[in-house]
1. Of the residues Glu60, Glu268, Glu185, which exhibits the maximal mean-square fluctuation in a Gaussian network model of the chain defined by a 10 Å Cα contact cut-off?
2. Need one number: % antiparallel among DSSP beta bridges in the chain, to the nearest 5.
3. Would you calculate, for the chain, the mean residue ellipticity at 222 nm contributed by helices, counting each DSSP H stretch of 4 or more residues as -39,500 (n - 2.57) and dividing by all residues, to the nearest 500?
4. Going by Cα centres, the stretch 30-61 and the stretch 136-183 are how many Å apart?
5. Relative to the first principal axis of the alpha-carbon coordinates of the chain, what is the inclination of helix 280-294, with its axis defined by its Cα atoms, in degrees from 0 to 90 and to the nearest 10?
6. To the nearest 0.05, what FRET efficiency results for Glu268 and Arg116 with a Förster distance of 30 Å applied to their C-beta separation?
7. Short version: what are the Cα gyration tensor semi-axes of the stretch 180-298, square root of 5 times each eigenvalue, largest first, in whole Å?
8. Could you tell me the largest-minus-smallest coordinate of the C-alpha atoms of the stretch 120-232 on each of the three principal axes, in descending order and whole angstroms?
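The values are calculated or read from the model by the stated rules, or taken from the named source; none is laboratory data. Every value quoted in this text rests on a predicted model; they were computed, and no experiment measured them. Cβ atoms come from the backbone with ideal geometry, glycine included; neighbour counts cover every protein chain shown. When the accessible area is computed, the model is the full protein with side chains, heavy atoms only, and any ligands, DNA or RNA have been set aside. Shrake-Rupley method; radii C 1.70, N 1.55, O 1.52, S 1.80 Å.
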Amino acid sequence: MIDSRLYRCAAWVAASVLLALTPAARALQVTDDRGVSVTLPRSPQRIVSLLPSLTETVCELDACARLVGVDRYSNYPATVRRLPQVGGGIDPNIEAIVALKPDLVLMATSSRGIERLQALGVPVLPLEPRTAADVQRVIGILGRVLEVPGGEQAAQRVWRAIDAGVSAAAQSLPPSVRSLQVYFEASGGPYAAGPQSFIGETLARLGVRNIITPDMGPFPKINPEYVVRAKPDIIMISQGNAQGLAQRPGWARLPAIAQNRVCVFSREENDVLVRPGPRMAQAARLMAQCIASKSGGL
């Protein structure tokens, strides 16, 4: 009996010492893109992402396994297609999100449902990258929140690989492209990619000139007549928006259309181009290939 009591006492002391030596889980505190401080009790293990670029960033940081739900547009990498879909940024399915019991929801600052999720006790982290600097910052924030191996330095290695890939795409083009004017249609409307957007920044790094001016904003809705007056040398557009391009008022006489200097991107390619995240280097290569293939004789 005495030996048994001594054994239990020794085991209790050993367990107490081990507990004392084990560091307590540290609360994580970051600032979201609204300027609001967000505190998490620990690194999230069940994440819902409502923005494709954030979904891709989580996976690039080797945390894809923590995703338990995504928006309907998140389709890369292929593994996320098997996850439950919970609506989109403008129409999130709050009930479906709550049912997944997430300990963090990633969403754009423009997403609806932020306040409702918070009222239900669901932690949210609104992040919305619009520029290359935003992408770098968001990768760093998610690296800290996810506590990726190697810490913030590992997250910055991801960014440096993206940046190096964009630089390589730029170096693949000859100096002669610097005189070319490009129109990039980001979505139907039509909405163009302006110089202040991440797409416009990539075009600038590739050395071409954007027909959209900085004062028009990152993604302005434009009048088709604006493009007619600007006379771009090359047009970049998605397959979904390219139908009837020559039927737009005055566009049939645009040299870019008459001389087949239009790059029409597939849906998969367009996903790469319009998402400010880990595949930006691939986007730069797609743009560079377009410029190289359509600039002959200009």
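1. Glu268
2. Details: 7 of 26 bridges.
Among the beta bridges of the chain, antiparallel pairing accounts for roughly 25 percent.
3. Only helices count here, giving -12500 deg cm²/dmol.
4. Between the Cα centres of the stretch 30-61 and the stretch 136-183 lies a distance of 19 Å.
5. It works out to around 10 degrees.
6. On the way: r = 33 Å, r/R0 = 1.11.
Working from the Cβ atoms, E equals 0.35.
7. Details: eigenvalues 77, 50, 41 Å².
Result for the stretch 180-298: semi-axes of 20, 16, 14 Å.
8. In descending order, the Cα extents are 50, 42, 20 Å.
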